[in-house]
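Have a look at the structure below, then the notes.
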Amino acid sequence: MKVIYTDKAPAAIGPYSQAMVFQNMLFTSGQIPVDPTTGELAGDTIVEQAEQVMKNLQAVLEEAGTTFGNVIKTTCFLADMGDFAAFNEVYAKYFVNKPARSCVAVKTLPKNVLCEVEVIAAIEE
């Protein structure tokens, strides 16, 4: 297994890695809308926060040598299912290959953010 780390995404805020590679598969930890350059939350709306989550995921994917196009499965966590449609608009811009997905509402996310996303992706050799 190989640990993936990039300073272009927020550092882990606990005892975990941004992502792990096993063979040719990438497993990311959930990314939240923290701007890695400031350490602050990016925006107050679901659209602003979802955009930052995607930027953070992109940085981790790139560090591992893969792209959104190789994502096989996503798990999305929303603080409010009322944000589902707006979240989907941002999500659809990045996940054009329409990977398998689970999307659930949860009571509370770290730092009280509005969304968090984790992915499983293939790494082409």
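A compact table of results
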item: Considering only the chain, percent of DSSP beta bridges that pair antiparallel, nearest 5; result: 75
item: Computed accessible area, Asp44, all protein chains, 1.4 angstrom probe, square angstrom; result: 140
item: For the stretch 75-125, alpha-carbon Rg relative to the globular expectation (2.2 N^0.38 Å, N residues); result: 1.24
item: Difference of contour (0.36 nm per residue) and Cα-Cα distance, Ala100 to Met81; result: 5.0 nm
item: Degrees separating the helix 84-94 axis from the principal Cα axis of the chain, which is the longest one; result: 30
item: Integer Hz, Karplus 6.51/-1.76/1.60 couplings in order for the stretch 30-42, x for Gly and Pro; result: x, 9, 10, x, 9, 6, x, 7, 10, x, 9, 5, 9
item: Built amide H within the under 5 Å cut-off of Cys103, gap 5+; result: Cys76
item: Centroid-to-centroid separation of the stretch 93-125 and the stretch 14-51 [C-alpha atoms, Å]; result: 10
item: Rotationally averaged projected area of the stretch 19-101 (alpha carbon convex hull; nm²); result: 5.5
item: Positive-pole candidate from Gln23, Ile4, Gly65, dipole of the chain, charges at beta carbon; result: Gln23
item: Cα-centre dipole for the stretch 1-70 with unit charges at Cβ (Lys and Arg positive, Asp and Glu negative), debye to 20; result: 340
item: J(HN,Hα) series, the stretch 48-56, from Karplus relation 6.51 cos²θ - 1.76 cosθ + 1.60, nearest Hz, glycine and proline x; result: 4, 5, 4, 4, 5, 4, 5, 4, 5
item: Point-charge dipole on Cβ atoms (K/R +1, D/E -1) for the chain, about Cα centre, debye to 20; result: 360
item: Per residue, in Å², the accessible surface of the stretch 1-51 once ligands and nucleic acids are set aside, probe 1.4 Å; result: 58
item: Global form of the stretch 1-58, assessed from the alpha-carbon gyration tensor, a/c cut-off 1.5; result: prolate
item: Per-residue HN-Hα couplings for the stretch 12-23 [Karplus 6.51, -1.76, 1.60; θ = phi - 60°; Hz; x = Gly/Pro]; result: 4, 9, x, x, 8, 9, 4, 6, 9, 10, 10, 6
item: Carbon/sulfur fraction of accessible area - the chain, other protein chains in place, 1.4 Å, %; result: 54
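The values are calculated or read from the model by the stated rules, or taken from the named source; none is laboratory data. No experiment lies behind these values; they were computed from the predicted model shown. Ideal geometry is used to build each Cβ from the backbone, glycine not excepted, and the neighbour counts take in all protein chains shown. These accessible areas exclude ligands, DNA and RNA; they are computed on the full protein's heavy atoms, side chains included. Shrake-Rupley method; radii C 1.70, N 1.55, O 1.52, S 1.80 Å.
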